[in-house]
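Beneath this line is the structure, given in structure tokens, with notes to follow.
The values are calculated or read from the model by the stated rules, or taken from the named source; none is laboratory data. Nothing here was measured: the structure is a model prediction, and the numbers come from that model. Please note: Cβ atoms are built from the backbone with ideal geometry, for glycine as well, and neighbour counts cover all protein chains shown. Protein only, heavy atoms only, side chains kept; ligands, DNA and RNA dropped before computing areas. Shrake-Rupley method; radii C 1.70, N 1.55, O 1.52, S 1.80 Å.
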Amino acid sequence: MSGHKLLCSGLKSWTSGRSRWISRLHGGIHGRGKASLSSCSPKVCIVGSGPAGFYTAQHLIKNVINTFTQTAKHSRCSFYGNVNVGRDVSIEELQQAYHAVVLSYGAEGNRSMGVPGEDLAGVYSAKDFVGWYNGLPSCRELSPDLSCETAVILGQGNVALDVARILLSPVDILKNTDITQPTLEALAGSQVRRVLIVGRRGPIQVACTIKELREMVNLPDTRPEMVAADFEGVTEALKDVPRPRKRLTELMLKTALEIPGEEERERRNKATRTWALRFFRSPVEILADPGRNRAAGIRLAINRLEGSGEGARAVRTGEVEDVTCGLVISSIGYKSLPIDPSVPFDSRKAVVPNNMGRVQQAAGLYCSGWLKTGPTGVIATTMNNSFDTARSVTEDMESGTLDVSAAKPGSQSVSALLEKRGVTPVIFSDWEKIDGVEMRRGEAAGKPREKLLSVEEMLQVARK
């Protein structure tokens, strides 16, 4: 469901969207100007209802709850979905209604590869491809052509490995997940048998976590096809890396170089699909078929590293390598987009400039999640940085930096604005109706859920 959801009200939060439908998913003044939270009712608006928004809300209402559903149902939290901040209501209007506004709407944009041919058919961003198999309404018409044998994924983060896993997983495994029926049918007819996961640097710099890599290593009916030369000198470098990185790299080394035992050797010999991490490669051009209608391959620059560890830089050697493929998926990163001209935005870094979540030169405005840090880390990273922003809000209220002495109308005034503009928000009980229908449909099909694939369908269920 599109629109930036709002979580708000009296350390009461109001969550809105310019994030997606949740997961597809809240005074007085005492001596020397210090605000007492117990004697006033500060109102906070959170723009975005992804993990960053809910973690921020959770911390603001004092950690008395520990799940997103409980947060949304809390008496001090209101959920407004299907609201587009910047179109249905402005940031300035939210600031007039609330003591603090926290921007947590994530990273909706794609980073461009900046190479010739990236607009050819058969080339997709990982964001859109993931949206397609996760049932995001805006991606339902993607219909990727899976008739080729080889797919190339650019990037070696968790998203890249997740895409590879979906492309190579046996359908019998996928049909028991919440993957959408149209996606399942498309994957059942897929001809993709080989996936290359390409990174510009080396094994020591790979961006995925050990959990994601282990899932690839153990994926049924697949075998790894690594290049031993990519791992030269890696064993010696391990003594200087942190333990999590060391464990991840050791798993790569074992997968790439060790002779497997009899059982694993037999499993690999029977596999009909292959995958590989390819290092020291950067995209130069997407190669077209003779009719120049669609992707038929990719030209990769061969790199060498300057420096070592996390700070090593990829430098092109001047050599190139052509790989035949009919599917290219760019997983080189997401980027946040500006929401409103009144909000400072660093276009180069694609973040809102901030100090511990406090938006620079914008009193009462805060940010959390990827909008604050850029698209880095895992869910625990998002949780901790959201808690940090919530602490900044609380500290500013307690110190008097954020004036909460004046009464603010909160969601009452914003609700009136939306009604006047003909916008009917989806409240959390409406979302629960949608969730219930999806769960029941999934149960009937032997799956965790069967997702509704259009906003219209969701709204029809919500309004019943």
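The table for this structure:
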item	result
Label-point separation in nm, E432 to R316, each point 7 Å along Cα→Cβ	5.7
Charge tally in the Cβ shell below 12 Å around Q191, where Lys, Arg are +1 and Asp, Glu are -1, Q191 excluded	+1
Of all accessible heavy-atom area on the chain, the percent that carbon and sulfur account for (1.4 Å)	49
Total charge dipole magnitude, the range 132-267, about the Cα centre, Cβ charges on Lys, Arg, Asp, Glu only, Debye to nearest 20	480
Nearest-0.05 FRET efficiency for K175 and L257, computed from C-beta distance (R0 35 Å)	0.50
Order by protection proxy (mean Cβ within 10 Å, highest first), peptides 428-435, 125-132, 44-51	44-51, 125-132, 428-435
222 nm mean residue ellipticity, helices alone, for the chain (DSSP H n ≥ 4; -39,500 (n - 2.57); rounded to 500)	-9500 deg cm²/dmol
Average accessible area per residue (Å²) across the range 175-324 - probe 1.4 Å, nucleic acids and ligands excluded	54
Burial order of peptide ranges 84-94, 250-260, 273-283 (average beta-carbon count within 10 Å, highest first)	273-283, 84-94, 250-260
Positive dipole terminus of the chain, leading residue within V426, A121, L365 (C-beta point charges)	L365
DSSP-defined beta bridges in the chain - what % are antiparallel, rounded to 5	50
Distance in nm between pseudo-label sites at V378 and L184 (7 Å out along the Cβ direction from Cα)	2.8
21 Å Cα-Cα threshold exceeded, pairs from K43/K73; K73/K175; K73/K433; K43/K433	K73/K175; K43/K433
Cα-centred dipole magnitude for the chain, charges only on beta-carbon of K, R (+1) and D, E (-1), debye, nearest 20	880
Where labels lie 7 Å past Cα in the beta-carbon direction, separation of E306 and D119 in nm	3.3
Length released on extending from E236 to K211, taking residue separation times 0.36 nm less the Cα-Cα span	6.6 nm
Surface accessible to a 1.4 Å probe, per residue, for the residues of the range 343-464, Å²	50
FRET efficiency, 1/(1 + (r/R0)^6) with R0 41 Å, evaluated for E92 and E149 via beta carbons	0.15
